[in-house]
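Okay, structure first, notes after.
The values are calculated or read from the model by the stated rules, or taken from the named source; none is laboratory data. Computed from a prediction, not measured in an experiment: that's the story for all the values here. A quick note on method: Cβ atoms are made from the backbone with ideal geometry, for glycine too, and the neighbour counts reach across all protein chains shown. Ligands, DNA and RNA are excluded from the accessible area calculation, which covers all protein heavy atoms including side chains. Shrake-Rupley method; radii C 1.70, N 1.55, O 1.52, S 1.80 Å.
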Amino acid sequence: MATFMVSSFLLLFLCCATTSTLVTSSEQVNDYLISSHIMSRAAVEKQSHFRFYWHDMISGSNRTAVSVAQAPQFNKSSTFFSDVFVMDDPLRTGPEKNSKLVGKAQGIYVAAGLNKLELLMAMNFVFTDGEYNGSTISILGHNEVFTTVREMPIVGGSGLFRFARGYVQFRTYLFNQKIGYAVVEYKVFVNHY
């Protein structure tokens, strides 16, 4: 019995030693690194696939995005070059305004194209419903607005999406320039632990 316990302890010790290697202070190359270790290769990575509809309204009394800056020399630009918008757009399960709200897209988009409507987008998908409530997915990338299908990378996340990576594919479902309203379908492919 004692031999079994000793061999079990030895096996457990060896397993732990092979899955985590701590960096000692003599190996540290900077003053602010406290520790670093190789994570267990046994962690299970999942891929989740979501679909939402992003509802963006830039005019009227129910605005969800507002222009906060623009260079004066470009205020008549057909591509809105230099406009900076801050958004708090609803993420819904469908393209209808009354479909279920599951989160918000909060962040900024900047009109960055001189000759065509291209945006630099930095936003968080903030979940407000179900098991993902309070978790976020962070997206940063290029959006060529009139291209049928676009793609941006997922650069991180929080909550259930810590260490997130992946991409979003999106397409315009509805665009009404007259009233400043757009609905965009987002398909999210996110890897997380």
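Select from the stretch 144-159 the residues that are modelled with pLDDT of 95 or more and open to solvent by 80 Å² or more (accessible area, probe 1.4 Å) and write down the one among them that is farthest from Met123 (Cα to Cα).
Thr148
Go through (1) open to solvent by less than 60 Å² (accessible area, probe 1.4 Å); (2) over 26 Å from Ser82 (Cβ atoms) and name the single condition Gly141 misses.
So Gly141 meets the others, but not (2).
Any idea which residue in the stretch 65-79 is nearest to Gln177 (Cα to Cα), counting only those that are in contact with a strand residue (DSSP E or B) (Cβ under 8 Å, 6 or more places away or on another chain) and surrounded by fewer than 20 Cβ atoms within 10 Å (Cβ to Cβ)?
Thr79
Is it the case, given these coordinates, that Lys104 is basic (Lys, Arg), farther than 17 Å from Glu151 by Cα and in contact (Cβ under 8 Å) with a residue 40 or more places away in the chain?
Answer is no for this residue.
So is Ser82 among the small types (Gly, Ala, Ser), touching a Leu at 6+ places or on another chain (Cβ under 8 Å) and either in a loop (DSSP other than H, G, I, E, B) or at pLDDT 95 or above (or both) or not?
It is false that Ser82 is among the small types (Gly, Ala, Ser), touching a Leu at 6+ places or on another chain (Cβ under 8 Å) and either in a loop (DSSP other than H, G, I, E, B) or at pLDDT 95 or above (or both).
Could you grab me the full set of residues in the stretch 167-179 that are within 22 Å of Ser61 (Cα to Cα) and free of Cβ contacts under 8 Å to residues at least 40 places away in the same chain?
Phe175, Asn176, Gln177, Lys178
Tally the residues that are under 17 Å from Gly141 (Cα atoms) and open to solvent by less than 20 Å² (accessible area, probe 1.4 Å), restricting the search to the stretch 90-106.
Summing the residues that are under 17 Å from Gly141 (Cα atoms) and open to solvent by less than 20 Å² (accessible area, probe 1.4 Å) in the stretch 90-106 gives 1.
Test of understanding: among Ala182, Ala164, which residue is closer than 26 Å to Met57 by Cβ, surrounded by 15 or more Cβ atoms within 10 Å (Cβ to Cβ) and either modelled with pLDDT under 95 or of a type in the set (Gly, Ala, Ser) (or both)?
Testing whether each residue is closer than 26 Å to Met57 by Cβ, surrounded by 15 or more Cβ atoms within 10 Å (Cβ to Cβ) and either modelled with pLDDT under 95 or of a type in the set (Gly, Ala, Ser) (or both) leaves just Ala182.
To keep it simple, each residue is scored yes or no on (1) among the β-branched types (Val, Ile, Thr); (2) at pLDDT 85 or above; (3) touching a Pro at 6+ places or on another chain (Cβ under 7 Å).
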| position | (1), (2), (3) |
| --- | --- |
| Asp31 | no, no, no |
| Val44 | yes, no, no |
| Arg51 | no, yes, no |
| His55 | no, yes, yes |
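Of the residues in the stretch 108-138, how many are touching a Leu at 6+ places or on another chain (Cβ under 9 Å) and either among the aromatic types (Phe, Trp, Tyr) or open to solvent by less than 20 Å² (accessible area, probe 1.4 Å) (or both)?
Result for the stretch 108-138: 9.
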